[in-house]
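The values are calculated or read from the model by the stated rules, or taken from the named source; none is laboratory data. Model, not experiment: these values are computed from the prediction. Cβ: placed from backbone, ideal geometry, glycine included. Neighbour counts: every protein chain shown. Only protein heavy atoms, including side chains, enter the accessible area calculation; ligands, DNA and RNA are left aside. Shrake-Rupley method; radii C 1.70, N 1.55, O 1.52, S 1.80 Å.
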Amino acid sequence: MQTKKWLLIIGLAIAAPIAMQAQMQMRWGVKAGINFSHVTVSEENVGNYVNSATGYHLGPVIEYMQNKFSSAGIEAALLFTRKGFDIDGGSIAKMHIMNDYIEIPVNLKWRVNLPVVKPFLTIGPYVNFRVGGKEEWSLGLLSGSSSSSSGLLESQDVNAGFNLGAGFDIMNIQLGLNFNWGLTDAYKVPGLDVTAKDRTFALTAAVMF
């Protein structure tokens, strides 16, 4: 039910600007950037050992914006993105987990069309569909690796949350900061009531056409 709810929210976000079609401009482009991903863990004692991991994102982006000084519109993307985290328990236990996703963010966007630099803000939902991943671990003298869907920590195939971003346009270049706040579980520990939600800070750049 959670997945259906988030898909419905994204569908409504896509449909919302249809009423504003007059004086709208469409642009498309390619976005890429660096992810600094982390998780919040339901079990505080585990969360104390969690560190962030570095990944990336890449994919097409499209925007529909009003053609006026203070413009509003919508921005959507289809991104291949890599996120994960590390657990460092010293010599007792260590884990490195990275997942690959197809991420679909749909954001409401506000932009001020100044002559040279055009600042903008974005906010909206996203949904991640996991397409692969790997988990590497060590427990004392033992170590191993496995698919991140069948290892010590189970990665969920679908997770969702909200984006909040800011940046600016210069000519056809967009530079921005984005934060993913996961609202559904991205990871679960089999047999235990321990879950984790995604938190990702990203630096992004896009070339628009």
(Q) I'd like to know if region 52-73 contains one or more residues that are more than 12 Å from the chain's Cα centre (by Cα) and farther than 28 Å from Q174 by Cβ. (A) no
Q | Enumeration of residues in region 138-169 that are at pLDDT 90 or above and open to solvent by 70 Å² or more (accessible area, probe 1.4 Å) | A | D157, F162, L164, F168
Q | All positions within region 53-79 that are touching a residue at least 24 places away in the same chain (Cβ under 8 Å), under 30 Å from P190 (Cα atoms) and surrounded by fewer than 16 Cβ atoms within 10 Å (Cβ to Cβ) | A | Y56
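Look at region 71-99 and say how many of its residues are part of a strand (DSSP E or B) and either closer than 20 Å to P125 by Cβ or in contact with a helix residue (DSSP H, G or I) (Cβ under 8 Å, 6 or more places away or on another chain) (or both).
Residues meeting the conditions: 12.
Please determine, by comparing only the residues of region 122-137 that are of a type in the set (D, E, K, R) and surrounded by fewer than 21 Cβ atoms within 10 Å (Cβ to Cβ), which one is farthest from L78 (Cα to Cα).
Residues of region 122-137 of a type in the set (D, E, K, R): 130, 134-136.
Within this subset, residues satisfying the condition of being surrounded by fewer than 21 Cβ atoms within 10 Å (Cβ to Cβ) are 130, 134, 136.
Details: R130: 13, K134: 22, E136: 28 Å.
Result: E136.
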Q | Members of region 171-209 that are among the β-branched types (V, I, T), modelled with pLDDT of 95 or more and either open to solvent by less than 10 Å² (accessible area, probe 1.4 Å) or outside any loop (DSSP other than H, G, I, E, B) (or both) | A | I173, T200, T204, V207
Q | P60 being farther than 19 Å from A160 by Cβ and modelled with pLDDT of 95 or more | A | yes
